[in-house]
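Since the structure comes first, as structure tokens, the remarks are kept for the end.
The values are calculated or read from the model by the stated rules, or taken from the named source; none is laboratory data. As the structure is a prediction and not an experimental result, all values here were calculated from the model. In this analysis, Cβ positions are derived from the backbone assuming ideal geometry, glycine residues included, and neighbour counts consider all displayed protein chains. The protein model used for the area step is the full one, side chains on, heavy atoms only, and it has no ligands, DNA or RNA in it. Shrake-Rupley method; radii C 1.70, N 1.55, O 1.52, S 1.80 Å.
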Amino acid sequence: MQSPDIRYSHLIGAARRAHLQPRDPDPMRRRFIGVDKEVPLFGGDARTYVNLDNAATTPAFLEVVESVNKFLEWYASVHRGTGAKAYVSTHCYEACRGVVRDFVGANADHHETIFTAGVTDSINRLAATLGRDGRPLVLVSGMEHHSNILPWRRHARVEWINVGDDGLLDLNHMEEQLRRYSGQVRLVAVTGASNVTGLVPPVHRIARMAHEHGADVLMDAAQLAGHRPINMRAPDDPERIDFIVMSAHKMYAPFGGGALIGPRAAFEGEPAFPGGGTVELVTPDRVVWAEPPGRDEPGTPNAIGAVALARACRLLNEIGMPHVAEKSEELRAYAVAALADIPGIRMYGTAAPDDWKHVGVISFESDRMPHGLMAAVLGHEWGIGVRHGCFCAHPYLMGLLKVDASQAQRYVAQAEAHDHSSFPGLVRISLGLYNTHEEVDYAAKAVRRVLDEGPRARYFEDRKTGDYIPLDGAGQLDDCFCP
Ligand SMILES: Cc1ncc(COP(=O)(O)O)c(C=O)c1O
């Protein structure tokens, strides 16, 4: 196979000649890997990729990769070996727990930090753990990602908290639900920041309400942790957050790590997922479980993932989470203003009361072009990475788009036939620490031009996925990288 640089050298040369993208002077940008990657475009040009899909996953901090590379020299089995490398790996893995715990303001005496494969894995484990002895009642917010819905449906009885037309969780309805089921609700499951609208609910207010009715609170910090400071608060604080889950790949550390943090007492029973490492002793008919957190980390630990996550936490703290939050808010406001200028663009969830905030996630649509086609044209013809569709948050999105029950039924029938054509959805741009005003300006210009002039290439809609595929040149990326 030709190296991508040879195969696309004529395109890259064209991009250089055309000076399609001014070099970015922002020193923050240089801390991330791959943000200046050139990609081929329809028509033979190339340009620096503009990644506006950070809500899906983020590029790596260079320093995270350097840290992982250094650790790889020491890499060996965690909790299972006696050699020097096993000792260093184990020591390092355990030290990472403390870093992650401090990043979210958890308490060493009260909380356990369990390493997982990310938010989906964390919530599945928590749901299986809390659902071990029967099906507890869980109030699930209507703003959630499927990862904070489906595990609860499997292991608990779910009641919903409604969302208003403005995309905001209806806290009056939450209070009604808590009163209706007072004393019975085990947990309120709520997002720290929506992956659809970027809305950040007032989680400490929500926690106070939940605690007044004897319920704990789980905050899904998948979208929050890379954008805003998190503080679980003291274990006796009425506004404390009881459980937090996070994914390292959304915090500039894409090495498969994640964490579930919660009160030690919740993890003291039989582990939901037993296996190697979760025990002190096994006989043919007896088992003595290990102490938490080992009891809830079955299998060989992902030490690389833990190192990467801990390094990312340290780096974000060094940059300063208040500064990260300020930058995230500023860039988002800039992007909202740029998109608002484009005729026919409708954004969702952009307005919020004072005690709500936003992270840099903006979803929009236009009656002039299907969301899938818009995303395809931005990618194929403009070198911009966005996402389109329902963003793994179907209930929230269908509510925002006012899909009624009979329409929803038709979509169910369509999905059962594996047909996703003309599904409802939005286009989402999501911003990271390294994105710039120039990139936002370029994306806004692209959206405007795409709507005014239409696509230059020809596309067909893949019924199975709802994605639009260019008829010419779709395969040009196939050889760009191969392990
Ligand atoms: C709000 C939210 N929760 C949960 C998840 C699932 O995270 P992961 O895929 O890392 O498990 C995502 C991923 O996009 C998300 O945005």
- Note on the structure: Per its Cα gyration tensor (rounded if a/c is under 1.5, else prolate when a/b beats b/c, else oblate), the range 336-483 is best filed as oblate
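Students often check this: by mean Cβ neighbours within 10 Å, which of 101-112, 453-464 ranks highest, and how do the rest follow?
On the way: 101-112: 18.2, 453-464: 13.6.
Highest-to-lowest ranking by the protection proxy: 101-112, 453-464.
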- Rounded to the nearest 20 debye, dipole of the chain from Cβ charges on Lys, Arg, Asp, Glu: 500 debye
- Message: Using the Cα centre of the chain as origin and beta-carbon charges of +1 (Lys, Arg) and -1 (Asp, Glu), tell me which of PRO235, ALA207, LEU52 is placed farthest towards the positive end of the dipole.
- Response: LEU52
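Hey, got the dipole for the range 77-163? About the Cα centre, +1 on K and R Cβ, -1 on D and E Cβ, debye to the nearest 20?
In debye, rounded to 20, the range 77-163 gives about 320.
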- Query: What percentage of the solvent-accessible surface of the range 274-358, computed with a 1.4 Å probe over protein heavy atoms, is contributed by carbon and sulfur atoms?
  - Reply: 53 percent
- Any chance you could give the angle, 0 to 90 degrees and rounded to 10, that helix 405-416 forms with the longest Cα principal axis of the chain? 90 degrees
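Would the range 52-109 count as rounded, prolate or oblate if I go by the C-alpha gyration tensor, calling it rounded below 1.5 in a/c and otherwise prolate when a/b exceeds b/c, oblate otherwise? Write down the numbers at each step before the final one.
Values: a/c = 2.88, a/b = 1.34, b/c = 2.15.
Oblate shape, in that a/c is at least 1.5 and b/c is the bigger or equal ratio.
So what is the relative contact order of the range 150-266, in percent, for Cα pairs below 8 Å that sit 6 or more residues apart? Spell out each step's value before the answer.
On the way: 175 pairs, mean separation 21.5, N = 117.
Computed value for the range 150-266: 18 percent relative contact order.
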- Task: Roll a 1.4 Å probe over the protein chains and send me the accessible area per residue for the chain in Å².
- Result: 44 Å²
- By how many degrees, between 0 and 90 and to the nearest 10, does the Cα long axis of helix 119-130 differ from the longest principal axis of the chain? 30 degrees
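Dipole size in debye (nearest 20) for the range 217-294 around its Cα centre, Lys and Arg Cβ +1, Asp and Glu Cβ -1? Please list the in-between numbers first.
On the way: 6 positive and 10 negative charges, 78 e Å.
The calculation lands at about 380 debye.
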- Item | Rounded to 10°, Cα long-axis angle of helix 203-212 versus longest principal axis of the chain | 30 degrees
- May I ask for the distance between the Cα centers of the range 176-213 and the range 96-174, given as a whole number of Å? 10 Å
- Message: Of LEU150, GLY118, GLY98, which is farthest towards the positive pole of the chain's charge dipole, taken about the Cα centre with +1 and -1 on the beta-carbons of Lys, Arg and Asp, Glu respectively?
- Response: GLY118
- Task: Work out the charge dipole of the chain with +1 on the Cβ of Lys and Arg and -1 on the Cβ of Asp and Glu about the Cα centre, then indicate which of SER89, TYR434, SER421 is farthest towards its positive end.
- Result: SER89
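Of the listed peptides 435-446, 347-358, what is their order by residue-averaged count of other C-beta atoms within 10 Å, with the highest listed first? Please list the in-between numbers first.
Numbers: 435-446: 19.2, 347-358: 16.0.
Ranking, from highest mean packing down: 435-446, 347-358.
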- Cα gyration tensor shape of the chain, rounded if a/c is under 1.5, else prolate or oblate by comparing a/b with b/c: oblate
- Item | Cβ crowding within 10 Å averaged over residues, with 113-124, 170-181 ranked highest first | 113-124, 170-181
- Query: Taking a 32 Å limit on the Cα-Cα distance, which of the listed pairs LYS250/LYS464; LYS37/LYS464; LYS37/LYS402; LYS85/LYS327 fall beyond it?
  - Reply: LYS37/LYS402; LYS85/LYS327
- Query: Using the alpha-carbon centroid of each, what span in Å lies between the range 293-326 and the range 375-427?
  - Reply: 32 Å
